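Undergrad: Quick one: structure below, then a few questions.
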Amino acid sequence: MRRRTGVGAIQRQKIQQDKFKEKGSEIQENQIEQMTLQMEKFRENLEEFAAKHKNEIKKNPQFRKQFQEMCASIGVDPLASGKGKCQRKEFKMIFSIKQATQVLRCGM
């Protein structure tokens, strides 16, 4: 196999690296978008579950603790009385921060 040398080879390699980086960013953005959609759906389901089982959550301390820990781990408070746009914005901001932090830790 012949080795490429010279300025042209370096330029082609740089172009190829840029394409890989661009594709990697595209894939990463797509994954973040998909995760955001999944987390939004999960949050909605948690709110529905909390509303449906509100009495059981209030009466059973062990169940309430486990439910609250699970919700807190993803930054959601479905038992909060003020559900709405403000809470959704907070959720999206918390999730975005967690994702950005995770990406930075991985060195991407």
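Since every read-out is calculated from the coordinates, none of them should be taken as a lab result. Nothing here was measured: the structure is a model prediction, and the numbers come from that model. Quick reminder, even Gly has a Cβ in these numbers, built from the backbone with ideal geometry, and neighbours come from all protein chains shown.
Undergrad: For region 28-62, name all the residues that are farther than 19 Å from VAL76 by Cβ and basic (Lys, Arg).
TA: Within region 28-62, LYS59 is the sole residue that qualifies.
Undergrad: Given the options GLU56, GLU40, GLU44, GLU48, name the one that is part of a helix (DSSP H, G or I) and more than 22 Å from the chain's Cα centre (by Cα).
TA: One residue alone meets the criteria, GLU56.
Undergrad: Tell me which residues, restricted to region 63-77, are surrounded by 14 or more Cβ atoms within 10 Å (Cβ to Cβ), within 15 Å of PHE49 (Cα to Cα) and among the aliphatic types (A, V, I, L, M).
TA: VAL76
Undergrad: Within region 19-36, track down each residue that is free of Cβ contacts under 8 Å to residues at least 24 places away in the same chain and of a type in the set (Gly, Ala, Ser).
TA: SER25
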